[in-house]
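Enquirer: Before I ask anything, let me first share the structure, which is written out below as structure tokens.
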Amino acid sequence: MELPGGQVLIELAEQFAPGHVANVRRLAEQGFYDGLAMYRVIDGFVAQGGDQSEQRATGEAKRTIPAEFTTRTISSDDFTVLPGPDGYAPETGFSGGFPAARDPKSGQVWMPHCYGAVAMARGAGADSGGTDFYIVIGPAQRYLDRNTTVFGRVLNGMSAVQQLARGTSAGGVLEKPEQNRIARARIASQLPPAAQPDVQVMRTDSASFAELIRARQNRPESWFLHRPNHVDVCAVGVPVRVNED
């Protein structure tokens, strides 16, 4: 996604929200988001974008789709559990490179609203979203978990998201949203091979990531006089490397 401040790379989480990912793919492939704007930006909270007028044709995509707040398709073998309690879920951890939460009793798994999470905006009805999305730009907003569908995360380019102009109204809607215009949004595979980003993400089921979790839980640096021996799911960033020519 091209914003005034630069490019934003978003990884779509098909394993958590296949319907939303498929719909967003169709929208991006058709150029639906081109020329629209991030029209609602609340500092320390979220930046929301899409078709504010609700007048743009969705083509082969849908304007509203069924909610995917949770999924039961992710097995325990594909879930790296974090040690310790969590205030919003029975367990938290990582799956397929994404932060995740789950309820072992029901088998439900969902993505939490960590910094950089990409979720589908909706109205009062659970199934009222489908085109407009938001990005968490402040501290984790975990109270939103399982109330909207999180379908991806920003891999690179949060600096461009943070450069967006903030709305001054109570709801954060901009009077001149065109200053936050989305120049274009594309699926990476649509781009010419030379323009496709080369991105590497650490496997969250690897020994290296397990060591990273241990280091975050028990900070080894001598500066720390108090080590709480606890790590929050949103405090462990999955390492990402963007290779540039």
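Enquirer: Looking at GLU178, is it part of a loop (DSSP other than H, G, I, E, B) and more than 17 Å from PHE45 (Cα to Cα)?
Expert: Values: part of a loop (DSSP other than H, G, I, E, B): no; more than 17 Å from PHE45 (Cα to Cα): yes.
So GLU178 does not fit the description; no.
Enquirer: When GLU91 is evaluated against the numbered criteria (1) touching a helix residue (DSSP H, G or I) at 6+ places or on another chain (Cβ under 6 Å); (2) more than 25 Å from ARG63 (Cα to Cα), which criterion, by number, is the only one it fails?
Expert: (1)
Enquirer: Return yes when MET158 is in contact with a Phe, Trp or Tyr (Cβ under 8 Å, 6 or more places away or on another chain), surrounded by 15 or more Cβ atoms within 10 Å (Cβ to Cβ) and within 24 Å of GLY31 (Cα to Cα) and no when it is not. Give the steps one after another, and end with the answer.
Expert: Details: in contact with a Phe, Trp or Tyr (Cβ under 8 Å, 6 or more places away or on another chain): yes; surrounded by 15 or more Cβ atoms within 10 Å (Cβ to Cβ): yes; within 24 Å of GLY31 (Cα to Cα): yes.
Taking the combined requirement at face value, the residue satisfies it.
Enquirer: Still on this structure, I have one more. From (1) within 30 Å of GLU29 (Cα to Cα); (2) open to solvent by 60 Å² or more (accessible area, probe 1.4 Å); (3) of a type outside the set (Phe, Trp, Tyr), pick out the condition that doesn't hold for PRO177.
Expert: Failing condition for PRO177: (2).
Enquirer: Further question: Of everything in the range 122-131, what is farther than 13 Å from GLN48 by Cβ and open to solvent by less than 30 Å² (accessible area, probe 1.4 Å)? Give them in sequence order.
Expert: Step one: filter the range 122-131 for residues farther than 13 Å from GLN48 by Cβ, giving 124-128, 130.
Listed by number, the list holds a single entry, GLY130.
Enquirer: A further question follows. Of (1) loosely packed, with under 15 Cβ neighbours inside 10 Å; (2) in a helix (DSSP H, G or I); (3) β-branched (Val, Ile, Thr), THR168 satisfies all except one. Which?
Expert: Going through the list (1) loosely packed, with under 15 Cβ neighbours inside 10 Å; (2) in a helix (DSSP H, G or I); (3) β-branched (Val, Ile, Thr), THR168 breaks only (2).
Enquirer: Here's a follow-up. Output the residues belonging to the range 221-239 that are surrounded by 14 or more Cβ atoms within 10 Å (Cβ to Cβ) and either in contact with a helix residue (DSSP H, G or I) (Cβ under 6 Å, 6 or more places away or on another chain) or at positive phi (or both).
Expert: VAL231, VAL236
Enquirer: Can GLY123 be described as in contact with a His (Cβ under 8 Å, 6 or more places away or on another chain) and not in a strand (DSSP E or B)?
Expert: In short, no.
Enquirer: So, of the residues in the range 130-155 that are in contact with a Pro (Cβ under 8 Å, 6 or more places away or on another chain) and not charged (D, E, K, R), which turns out to be nearest to TYR115 (Cα to Cα)?
Expert: ALA140
Enquirer: Further question on the same structure: Only one residue in TYR115, TYR143, TYR134 is hydroxyl-bearing (Ser, Thr, Tyr), touching a strand residue (DSSP E or B) at 6+ places or on another chain (Cβ under 6 Å) and open to solvent by 50 Å² or more (accessible area, probe 1.4 Å), so which one is that?
Expert: Values: TYR143 fails: touching a strand residue (DSSP E or B) at 6+ places or on another chain (Cβ under 6 Å); TYR134 fails: open to solvent by 50 Å² or more (accessible area, probe 1.4 Å).
So the residue among TYR115, TYR143, TYR134 that is hydroxyl-bearing (Ser, Thr, Tyr), touching a strand residue (DSSP E or B) at 6+ places or on another chain (Cβ under 6 Å) and open to solvent by 50 Å² or more (accessible area, probe 1.4 Å) is TYR115.
Enquirer: Specify the residue that is farthest from GLY31 (Cα to Cα); the eligible residues are those in the range 189-245 that are hydroxyl-bearing (Ser, Thr, Tyr) and not in a loop (DSSP other than H, G, I, E, B).
Expert: Within the range 189-245, the subset hydroxyl-bearing (Ser, Thr, Tyr) is 189, 204, 206, 208, 222.
Imposing the further condition that a residue be not in a loop (DSSP other than H, G, I, E, B) reduces the set to 189, 208.
Details: SER189: 14, SER208: 39 Å.
Going through the qualifying residues, I end up with SER208.
Enquirer: Restricting to the range 1-49, give me the number of residues that are touching a Phe, Trp or Tyr at 6+ places or on another chain (Cβ under 6 Å) and on the phi > 0 side of the Ramachandran plot.
Expert: 0
The values are calculated or read from the model by the stated rules, or taken from the named source; none is laboratory data. As the structure is a computational prediction, the values presented were derived from the model and not from experiment. Neighbour counts are summed over all protein chains in view; Cβ atoms, including those assigned to glycine, are modelled from backbone coordinates with ideal geometry. We work out accessible area using only protein heavy atoms, side chains counted, and drop any ligands, DNA or RNA first. Shrake-Rupley method; radii C 1.70, N 1.55, O 1.52, S 1.80 Å.
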